[in-house]
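Notes for the one structure printed next.
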Amino acid sequence: MNAGFASWLFGMSPVAGALGGMLGTAIGIFIVLAATTFGSALLYAISGFGFAVLAAPLFLLFLDPARAIQLVIIISTALSIVVLRGLLPTIAPWLLLRLALGSLVGLPLGLVAFRYADPILVRAAAGAMIFGFAVLMTVSRRRSVQPVPGKQWTVFAMSPSLDLAAGAVSGVASALVGQPGPPVLIYLLLVGAAAKTVRATLLAFFALSYGVTLAFHAATIGIPAPTWLAAGILIPFAFLGGIAGRPIGDRLGAEAFAMVAIGLLAVAGAYTLGAAAVAFAIA
């Protein structure tokens, strides 16, 4: 793989070019993208979310924003279908339906913002909100008192209207930054949903959300041939990560799941803020 082909295939950003020089060859950049894809898929299979949360910020450091987001959407669509197998009995169908309906409402708004919004400001705002929620939930969990052993930590009760609202915010985030997970995950953590239900419902929701988002992107914005080809090259690494992570996720307890979730949100927020800072520095 030479530098010219890599540039055409991945649409590398100026930052990627500089980092590629540090690594020495364009192959180094491909290795980083493949490792990111594998690691993000591993966490995705373990927790039910996390591929876009970790992959998108890192992809944005190496690729042009449009190419990075569309790659995340394509790979996530394929991965969610594979990882979901075996978890269908634990899905909460009515919760999934309300999240999906809300996402359909928010998706067009996100597509409009994707076309016209300043990408640097979008990354900064998304990163700050995700990181802020992670910190808030960490502090709240430590200060909360659970007099009944095994009782779930909650901030408010789940309701159909809140399910729809969380889905709508997720739809906007899916089209705008390729990360539908954080809004829904934050909501389900705040209402104290069971870990297995969260994981299975998130995976099913992502399969629907990413599939619809991919169709909207293809129909309205367009997805270049190099993006499809790059996704085809990276998808096998995602499948390997998903296969490796699913047995671990099946044995993850409720408290461990919550801590993994909050940790991933904090990392995602920090990486997204870092991507925005780098983009602002070179703008």
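Annotations
- Met158 accessible area, 1.4 Å probe, all protein chains in place, Å² to nearest 10: 80
- Amide proton proximity set for Leu63, modelled H, under 5 Å, gap of 5+: Ser13
- Over all orientations, segment 202-283 has a Cα convex hull whose mean projected area works out to 7.8 square nanometres.
- Using heavy atoms of the protein chains and a probe of 1.4 Å, the accessible area assigned to Val169 is about 90 Å².
- In plain terms, the C-alpha convex hull of segment 54-109 casts an average shadow of 5.0 nm² when viewed from every direction.
The values are calculated or read from the model by the stated rules, or taken from the named source; none is laboratory data. Computed from a prediction, not measured in an experiment: that's the story for all the values here. To get the accessible areas, we keep the full protein, side chains included, count just its heavy atoms, and leave off ligands, DNA and RNA. Shrake-Rupley method; radii C 1.70, N 1.55, O 1.52, S 1.80 Å.
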